[in-house]
1. Name the pairs whose Cβ atoms lie under 9 Å apart, with the first residue in region 136-148 and more than 20 Å from residue 359 (Cβ to Cβ) and outside the structural domain of residue 357 (by TED's automatic domain parsing), the second modelled with pLDDT of 70 or more and not in a helix (DSSP H, G or I), and 6 or more positions between them or separate chains?
2. Report whether or not residue 42 is modelled with pLDDT of 80 or more and part of a helix (DSSP H, G or I).
3. Against the conditions (1) at pLDDT 90 or above; (2) closer than 30 Å to residue 252 by Cα, where does residue 215 fall short? Just the number, please.
4. Considering only residues that are within 22 Å of residue 256 (Cα to Cα) and either surrounded by 12 or more Cβ atoms within 10 Å (Cβ to Cβ) or assigned by TED's automatic domain parsing to the domain that holds residue 249 (or both), which ones fall in region 23-40?
5. Would you mention how many residues in region 392-410 are surrounded by 15 or more Cβ atoms within 10 Å (Cβ to Cβ) and either within 17 Å of residue 359 (Cβ to Cβ) or in contact with a helix residue (DSSP H, G or I) (Cβ under 7 Å, 6 or more places away or on another chain) (or both)?
6. Please state which one of 150, 115, 133 is within 24 Å of the chain's Cα centre (by Cα), part of a helix (DSSP H, G or I) and under 24 Å from residue 416 (Cβ atoms).
7. Here is a list: 397, 364. Which entry is within 17 Å of residue 333 (Cβ to Cβ) and outside the structural domain of residue 113 (by TED's automatic domain parsing)?
8. Cβ contacts < 8 Å: first residue assigned to a helix (DSSP H, G or I), restricted to region 1-23; second residue surrounded by fewer than 11 Cβ atoms within 10 Å (Cβ to Cβ), any location; separation 6+ or different chain. Result?
């Protein structure tokens, strides 16, 4: 009888063979106190529900690969400009199908959006680059209006492909929360961080295997063309499928990193406060004019703000029992983030006033405003008298902020291409397609006027 075993043996059996343990439990007597304890634990774990539907998600990923990546197999080139965004569909599609398998409308909507994004990219993939347009305008000033329309549409296209993975991640989180009423959006972030770490481990193992495969092909004197094709396929399928395998590992061991990540957050939060303060001092000493004229510095500011929000998310998702000094550092981190955000908004507003509105500048401005609203809301909740704990108030703010970020990603992905892409005329593309630009002039033409950025 199974109840003759020690508690250690039962626990080991359950961890190694959960389905076999459940089968034995169903036929075992239920009078013993330990049987009632195990009945409650098995009901809470709900392991059969976690495993259902994942083979279906794998099948979905294969179908997505056939639709979105097949047109490029014969190209012989793994170009990140097309591969990364379309592989995002392959990477997140199975997870969205798994967590949202009972929400048909969500899956249909995501599928329609995926097809629309792919068609837009395929239709605009061969459009002239910015340096080509700039060179043509310098030769013929009469093409300036057409060049502006094409450049703005190209910016909208690139922004669409950058925000499409973010939108897919947000839709996956929405499906996850709808399927688990006891989970919040911040909890999805906690699980997503664990899946990301496990995916990194899968990628590291895959990189070692890829290296061994290349050594084997080299020792077998495999032709360079075949080696290149094999590496392209292994890279595309490996990079896009790694997230699926990382998610599968998390389903099997969902609590594996729960104790490690809070410790990492406590280590990095104090360090990042120092980094953020030093960053602000170093960049502001250069003067506001230097900041507003340098796109790279503005980009780094946005990365800084995203890191601040990310650390606050990790803190609120993992560390309810954090010590008081860590809460104080979180307040300092957010205050510094508000200062950095105000500087960044002033800099991008200066560029808008000087050079005009473009998709890139508009995206940066709206993103900074969303960051600022989130950080100010956090400070307001922390210093506002309330019966709720600071931990719970932080989670409430971030739950709303995450929804805003997903909506904004949807706007950039769907609305921007419509607004700017439909303005481009066939004659615009024909004018620049007929303009022959020597290859050796490409590097010189990359440095373009700041007004076109």
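The values are calculated or read from the model by the stated rules, or taken from the named source; none is laboratory data. Here the structure is a predicted model, which is why all the values come from computation and not from measurement. Note: ideal-geometry Cβ built from the backbone for every residue, glycine included; neighbour counts use all protein chains shown.
1. Close Cβ pairs (under 9 Å, with a partner that is modelled with pLDDT of 70 or more and not in a helix (DSSP H, G or I)) amount to 136/128.
2. Values: modelled with pLDDT of 80 or more: no; part of a helix (DSSP H, G or I): yes.
No; evaluated as a whole, the condition is false for this residue.
3. It fails just one condition, (2).
4. Of region 23-40, the ones within 22 Å of residue 256 (Cα to Cα) are 38, 40.
Result: 38, single match.
5. Within region 392-410, the subset surrounded by 15 or more Cβ atoms within 10 Å (Cβ to Cβ) is 393-399, 401-402, 405-406, 408-410.
Then drop every residue that is not either within 17 Å of residue 359 (Cβ to Cβ) or in contact with a helix residue (DSSP H, G or I) (Cβ under 7 Å, 6 or more places away or on another chain) (or both), which leaves 393-395, 397-399, 401-402, 405-406, 408-410.
Count: 13.
6. Details: 150 fails: within 24 Å of the chain's Cα centre (by Cα); 133 fails: within 24 Å of the chain's Cα centre (by Cα).
Every option except 115 fails the conditions.
7. Details: 364 fails: within 17 Å of residue 333 (Cβ to Cβ).
Unique residue meeting the criteria: 397.
8. 3/29
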